[in-house]
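Just below is one structure, and these are the notes that go with it.
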2 protein chains.
Amino acid sequence: MAFPSWMYRIRSSLKHGYSVFRSAPAFRQSGRNGCLSDVDKLGARRPLHRWPSSVIPFAVAFSAGTVAYNLSLCDSSLDHRIIGEKTTTEVVVKGSHREVPEELVNELKAICNDRMTLDYDERYFHGKPQNSFHKAVNIPDLIVYPWSEGEVSQVVAACNKYKVPIVPYGGATSIEGHTLSPHGGVCIDMSLMKSIKSLHVEDMDVVVEPGVGWVELNEYLRPYGLFFPLDPGPGATIGGMCATRCSGSLAVRYGTMRDNVINLKAVLANGEVIKTASRARKSAAGYDLTRLMIGSEGTLGIITEVTLRLLKIPQYSVVAMCNFNTIKDAADVAIATMLSGIQVSRVELLDEVQIKAINIANGKNLPELPTLMFEFIGTEAYSHEQTLVVQKIVGEHNGSDFVFVGDAEAKKELWKIRKEALWACFAMEPNFEAMISDVCVPLSRLAECISVSKKELETSGLVCTVIAHAGDGNFHTIILFDPNNDEHRHEAARLNHFMVNTALSMEGTCTGEHGVGTGKMKYLEQEHGMEALRTMKKIKAALDPNNIMNPGKLIPPHVCI
Amino acid sequence: MAFPSWMYRIRSSLKHGYSVFRSAPAFRQSGRNGCLSDVDKLGARRPLHRWPSSVIPFAVAFSAGTVAYNLSLCDSSLDHRIIGEKTTTEVVVKGSHREVPEELVNELKAICNDRMTLDYDERYFHGKPQNSFHKAVNIPDLIVYPWSEGEVSQVVAACNKYKVPIVPYGGATSIEGHTLSPHGGVCIDMSLMKSIKSLHVEDMDVVVEPGVGWVELNEYLRPYGLFFPLDPGPGATIGGMCATRCSGSLAVRYGTMRDNVINLKAVLANGEVIKTASRARKSAAGYDLTRLMIGSEGTLGIITEVTLRLLKIPQYSVVAMCNFNTIKDAADVAIATMLSGIQVSRVELLDEVQIKAINIANGKNLPELPTLMFEFIGTEAYSHEQTLVVQKIVGEHNGSDFVFVGDAEAKKELWKIRKEALWACFAMEPNFEAMISDVCVPLSRLAECISVSKKELETSGLVCTVIAHAGDGNFHTIILFDPNNDEHRHEAARLNHFMVNTALSMEGTCTGEHGVGTGKMKYLEQEHGMEALRTMKKIKAALDPNNIMNPGKLIPPHVCI
């Protein structure tokens, strides 16, 4: 039985058996990447049944090109066999395995009791990221599922004593191999730490544990008229979102994770717990440890609590789409809109291939042309005022008239379709894998960078789509490739490399929102220079002298201090 | 002749003799804290005449309660005598003097030529901050005025070789003693590095040297329809603004320095130059060295170049004022406005004492009651829509009707008066000094924190004013005290301490935008905990093992790693 690759992603959301039963009907509605966080009420994911179990049911049965799903249960042992047969590694991350002494195993058992496992199923699952083409030669030697910050602290202190590597594990939606365990060691799965500790409506902030997902969080906040404005992949958790400095479609208005965290708590390599700041909205009191931890990808500490800035749900929004004959026109409109001073809340660009994928996967009939999706917010009058300004800009760049998306449900559906664009791609090539990459350039270079990259993608023979958070200068490519075809893999890697180099040559960054992990390390010297990398490594060495915190990630191995 | 304390501040703006002559007429118009940056065209401050000179003219002659000024020139030697007689030190920062070897002097002379001085006048001037009540036992042993990043790098590397302290010096407007030289050493005055290196209109960013002032910068940007949204004290420079993580009245909408720097370059303690990021608006590529440098107060590196995010000048604004019987009502309105979802661009709160000071200093006749000043921006229709919503909130909290400030000149004058509120205070007590402090609390605690602090201030017998960037939960007190009166000094210190402790007890910060310097170090343990302070010190030690970068600032001396 050959399962397509998206199935493992579904499984990622369904790893706790009991939840499959609970969530089945809702999962059916929630789309191909249906997450438990879509369906489980907050906190309900704390298992009622003991787990991990050696038999972990997982989801399946899917018919590409439709929105119908069936849910059945399979023995997870199947999973191993199938993955075992694959050789889909564009980059297999090497790493010498560090021994985990028996004493440490006993200590971790004493700390976490039955929330520690040596079970091969669980270890294998945690060692293979579900959303990434990156693989590693090793998997973690054991998994712990701490309940509390105190437990995390004890676990880390114990690992530090024995100099055993630690890999923190959140929603596992990261792209660049952040959760790989190239050196084996201890994987700390934070999924049980997902309570909302306190909501301060008047301060418009909320204190959460790192395992809370942003989708869950926004469900919780809706009755209060508040929301959290970051929207990465639906399974992403707040801890992981901090760790990778993520953003999403709303970043053009509300900023990235960097801008929306008031403070956080983290366990450092020596087991000490730090709190990075007070709950004040701004402060000039000392080094910005909050921002240092955000984007550090688990290499400096394990995030155990986060205080997030919230926003009022806008009273009114207008959603409008338009299309263009060329992707350059579309990108130019996004740029001109930003320069007009109009504060859009979203300006998303999708190329004609991506639109085609969406049509297939969602049964839509959108014009298969480069398309912009806008969202304007404010009062009713103001939203429409903005729309008129931008419609004029669109007209000046040979764009179509706006098609407005009317009611709330239709808007919600549109953003959901946009959010699930990646999964739609698999409707075009169900048995392929996806090499997903993102770069970000200064706004004035966006049209050129996309055009150059697009030209290269088009000549490749592979199916490639482009999606941009165009107001930020940030764009993604999804390159579909046959994992069993060497030429495909090499071509996908070449295209990825081409796009990153193009962005770097334009004063851009090798990743706007996905992070470095193992995949983008090789570009950091070109982007930052060796002096900056040495500075990063000095900080890493000062805080983690035994190099136990997510080793082999973010800082390239050739950096010497 | 007894000069009031504000005079030294004027002098701070007029330290270059030739500029006094050039700027005299404009200075007369620019108000009591008239800055060279108000009057000098960009780049013109690069001295035509050789300096430093042993005789530095400085400004004087002022009549409290009017807006008329005369400008005359005095020999700066007077200055020393007068300051020498004062014993105005609330905190005299102690420090063992580290020897500056003759070899280093020669090396610095070789690097900077005649832009290095051992002149006592200049050293004395740089050793006594002009905007702060903090003093130090030592002054710098020599001053260098580098022209370029390369020179800064060479200077720092030389100092590192001899383990001699370095104090970077910008606009010298900082409050908490950041530019003191408690250990002597080398003061690096960045005022000659003030070119605008490149403006990217389409990317809405600008690359500047650190000595550029924000007032100058905005003059330069105006013809392009762009502005930089940070507005601290008028003499502040971009480098210092980064170093102290400053903000101002517009931070409620645009964020602080943390949010508005795209990247920066800095010279580290070993003389290496790092660039912290690309020019992309967002990035997930590596540790956030940009934010690590912002707020590090010269203790990690010397900022030599900054790329700033710019904004379009709003097409329309409405400025409105209203007043209240109690300061709690005013604060409550600010809170309710933020919770309404209205995105004000300013919401400034001034207490009745501050309004009185403004009336005296500016010949105004504002109602001497707690007052809110609002700015709403957007299109004309939207600005007015917002005004109506907030007017309703004001009515619900017993506020007066809005008084609208009509034309552009009147708006400009109002924000100028607000910006110069500190100087207006001296109109009430011309011979006193000011203890200025700021804290920031979660928004829901603002009304209570201000009310409690205000009650304490009122019973003190000293003249104290309250000014708040109320939308951020950030407020300032200005406590006027007779520097020759011990009781006054102690009472001022007690009030400062009381306010900070109140804020800390409310999950707030000891400083929202002024920074730590020497003045707020003692509160950092209470705010952050020893674990976080140790983390900061480890980073400091890793990047500056000889502790030459602005030693004695930010990290409390009792922190051990």
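The values are calculated or read from the model by the stated rules, or taken from the named source; none is laboratory data. Remember, predicted model here, so these are calculated numbers, not experimental data. All Cβ positions, glycine included, derive from the backbone under ideal geometry; neighbour counts span all protein chains shown. The protein model used for the area step is the full one, side chains on, heavy atoms only, and it has no ligands, DNA or RNA in it. Shrake-Rupley method; radii C 1.70, N 1.55, O 1.52, S 1.80 Å.
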Item to check | Beta bridge orientation in segment A:79-227: antiparallel %, DSSP, nearest 5 | outcome: 40 percent
Checklist entry - Where the accessible area of segment B:405-555 is counted over protein heavy atoms with a 1.4 Å probe, how much of it, in %, is carbon and sulfur? => result 49 percent
Checklist outcome for this item: Toy charge model, Lys and Arg Cβ at +1, Asp and Glu Cβ at -1: segment A:404-478 dipole around Cα centroid in debye, rounded to 20, equals 160 debye
Next on the checklist: Can you give me the solvent accessible area of A:His397 with a 1.4 Å probe, rounded to the nearest 10 Å²?
Outcome noted: 40 Å²
Checklist entry - Which value, in Å², gives the accessible area per residue of segment A:331-409 when a 1.4 Å probe is used on the protein heavy atoms? => result 39 Å²
Checklist entry - So how much slack lies between B:Ile561 and B:Lys455, counting 0.36 nm per residue of separation and subtracting their Cα-Cα distance, in nm? => result 34.1 nm
Next on the checklist: If I take the Cα coordinates of segment A:379-482 and project them onto the principal axes, what are the three extents in Å, biggest first?
Outcome noted: 50, 34, 22
Item to check | Sequence-separation-based contact order of segment A:93-188, relative, with Cα cut under 8 Å and 6+ spacing, percent | outcome: 41 percent
Item to check | Over segment A:196-246, equivalent-ellipsoid semi-axes from the Cα gyration tensor in Å | outcome: 18, 12, 9
Checklist entry - What are the residues of segment B:518-538 that lose 10 Å² or more of accessible area, with a 1.4 Å probe, going from their chain alone to all protein chains? => result B:Glu527, B:His528, B:Glu531, B:Ala532, B:Arg534, B:Thr535, B:Met536, B:Lys538
Checklist entry - So, with +1 on the Cβ of K and R and -1 on the Cβ of D and E, and no other charges, what is the size of the charge dipole of segment A:184-279 about its Cα centre, to the nearest 20 debye? => result 160 debye
Checklist outcome for this item: Each residue of A:505-516 has, on average, a number of other protein chain C-beta atoms within 10 Å of its C-beta equal to 5
Next on the checklist: Largest first and in whole Å, what are the equivalent-ellipsoid semi-axes of segment B:304-380 based on the Cα gyration tensor, each being the root of 5 times an eigenvalue?
Outcome noted: 27, 18, 13
Next on the checklist: Just to be sure I understand the model, the point goes 7 Å from the Cα along the line to the Cβ. What's the resulting B:Lys312 to A:Val201 distance in nm?
Outcome noted: 3.6 nm
Next on the checklist: Report the B-A buried area as the accessible area lost on both sides summed, probe 1.4 Å, in Å² to the nearest 100.
Outcome noted: 6800 Å²
Next on the checklist: Considering all alpha-carbon pairs of segment B:394-546, what whole percent are spaced by more than 29 angstrom?
Outcome noted: 30 percent
Item to check | Solvent-accessible area lost in complex, 30 Å² minimum, residues of segment B:202-248 relative to chain alone, 1.4 Å | outcome: B:Glu202, B:Asp203, B:Met204, B:Arg245
Checklist entry - Sorting B:Glu305, A:Glu396, B:Glu531 by accessible area (1.4 Å probe), largest first, what list results? => result A:Glu396, B:Glu531, B:Glu305
Item to check | Nearest-10 value in Å² for the accessible area of A:Trp423, using the 1.4 Å probe | outcome: 30 Å²
Checklist entry - Quick one: which bits of segment B:288-304 get at least 20 Å² less accessible when the partner protein chains are in, versus the chain alone, with a 1.4 Å probe? => result B:Asp288, B:Leu289, B:Arg291, B:Leu292
Item to check | Label distances, nm, B:Lys411 versus same residue in remaining copies, Cβ-directed 7 Å point | outcome: 2.9
Checklist entry - For segment B:339-426, what is the convex hull (Cα atoms) projected area averaged across all directions, in square nanometres? => result 6.0 nm²
Checklist entry - How would B:Ile360, B:Ile143 rank on accessible area, largest to smallest, probe 1.4 Å? => result B:Ile360, B:Ile143
Item to check | Whole-percent pair-distance distribution, where bins are 10 Å wide, for the alpha carbons of segment B:425-506 | outcome: 19, 52, 24, 4
Item to check | Distances in nm from A:Asp486 to the matching label points in the other copies, shortest first (labels 7 Å along Cα to Cβ) | outcome: 8.9
Next on the checklist: Within segment B:205-318, what whole-number % of the accessible surface is contributed by carbon and sulfur, with the 1.4 Å probe and all protein chains included in the calculation?
Outcome noted: 51 percent
Next on the checklist: Can you tell me the mean projection area, over all orientations, of the convex hull of segment A:102-243's alpha carbons? Units nm², please.
Outcome noted: 9.0 nm²
Checklist entry - Over segment A:165-278, one equal point on each Cα, no solvent: what is log10 I(q)/I(0) by the Debye formula at q = 0.10, 0.11, 0.13, 0.15 Å⁻¹? => result -0.31, -0.37, -0.52, -0.69
Checklist entry - Which of B:Val93, B:Val156, B:Val167 sits farthest toward the positive end of the charge dipole of segment B:85-189, with +1 on the Cβ of Lys and Arg and -1 on the Cβ of Asp and Glu? => result B:Val93
Checklist entry - Taking every residue in A:466-479, how many Cβ atoms of other protein chains lie within 10 Å of its Cβ, on average? => result 1
Checklist entry - Could you give the radius of gyration (one decimal) and Dmax (whole number) of the Cα atoms in segment A:280-410, in Å? => result 19.2, 54
Checklist entry - Relative to the other copies, what are the label-point distances for A:Glu456, with labels 7 Å from Cα along the C-beta vector, expressed in nm at one decimal and sorted shortest first? => result 6.0
Checklist entry - Where does each of A:Tyr224, A:Tyr145, B:Tyr254 land when they are ordered by accessible area, with a 1.4 Å probe and the largest first? => result A:Tyr224, B:Tyr254, A:Tyr145
Checklist entry - Just from the alpha-carbon atoms, what are the Rg and Dmax of segment A:155-227 in angstroms? => result 16.1, 48
